[in-house]
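Enquirer: One structure, as structure tokens, below. Some questions next.
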Amino acid sequence: MAIILTETAAEEIKRHMESQQVEEGTMLRMGVSGGGCAGLQYTLGFQKDYDPAIDAKYDHHGVSLVTQKKMALHLDGTTIDFRDSPTGRGFAIENPNAPKSGGCAGCGGH
């Protein structure tokens with residue numbers, strides 16, 4: 001499997017790249033870190049750096065997406081979509097590997 005970028009998300013990313021006049025060869029980089037009670041935190045940004053020895057690369061609808069190979073295992077099967085609705089607009093990340101919310105015993109919050 002891989003990280004999946006929907007056509008809608010790819011079009012929005014291309015729009016951002018054009019409006020920011022990013023250099024040719026720029027890719028979308030996805031990062032992930034632990035977020036405590038909130039679960040995983042994701043980052044998306046533009047970057048030209050790509051090292052095939054440490055990065056995994058996925059191409060969808062004309063957009064190259066990269067992430068570190070060590071993160072790719074945690075992101076396998078993840079879908080990145082873009083939603084524009086009356087309640088808001090933005091990227092939505094669905095990760096089947098993310099821990100399910102079950103509360104946090106470490107912070108003392110109830």
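Readers should treat all values here as calculations from the given coordinates under stated rules, not as data from a laboratory. Note that the structure is a prediction, hence the values are computed from the model and not measured. Please note: Cβ atoms are built from the backbone with ideal geometry, for glycine as well, and neighbour counts cover all protein chains shown.
Enquirer: Can you name every residue in region 62-91 that is in a loop (DSSP other than H, G, I, E, B) and at negative phi? Break it down into steps so the answer makes sense when it comes.
Expert: So in region 62-91, the residues in a loop (DSSP other than H, G, I, E, B) come out as 62, 76-78, 86-87.
Of everything in region 62-91, those that are in a loop (DSSP other than H, G, I, E, B) and at negative phi turn out to be Asp76, Thr78, Pro86, Thr87.
Enquirer: Now, a different point. Which residues, taken from region 77-93, are exposed (fewer than 14 other Cβ atoms within 10 Å of the Cβ) and touching a residue at least 60 places away in the same chain (Cβ under 8 Å)?
Expert: If the condition is that a residue be exposed (fewer than 14 other Cβ atoms within 10 Å of the Cβ) and touching a residue at least 60 places away in the same chain (Cβ under 8 Å), then Gly77 is the only one that fits.
Enquirer: Please count how many residues of region 36-61 are part of a loop (DSSP other than H, G, I, E, B), exposed (fewer than 12 other Cβ atoms within 10 Å of the Cβ) and among the small types (Gly, Ala, Ser).
Expert: 1
Enquirer: Residue by residue through region 7-20, note down the ones that are under 20 Å from Pro96 (Cβ atoms) and surrounded by 17 or more Cβ atoms within 10 Å (Cβ to Cβ).
Expert: Across region 7-20, the qualifying residue is only Ala9.
Enquirer: Given the criteria among the acidic types (Asp, Glu), exposed (fewer than 14 other Cβ atoms within 10 Å of the Cβ) and in contact (Cβ under 8 Å) with a residue 12 or more places away in the chain, does Glu23 qualify?
Expert: Values: among the acidic types (Asp, Glu): yes; exposed (fewer than 14 other Cβ atoms within 10 Å of the Cβ): yes; in contact (Cβ under 8 Å) with a residue 12 or more places away in the chain: yes.
It is true that Glu23 is among the acidic types (Asp, Glu), exposed (fewer than 14 other Cβ atoms within 10 Å of the Cβ) and in contact (Cβ under 8 Å) with a residue 12 or more places away in the chain.
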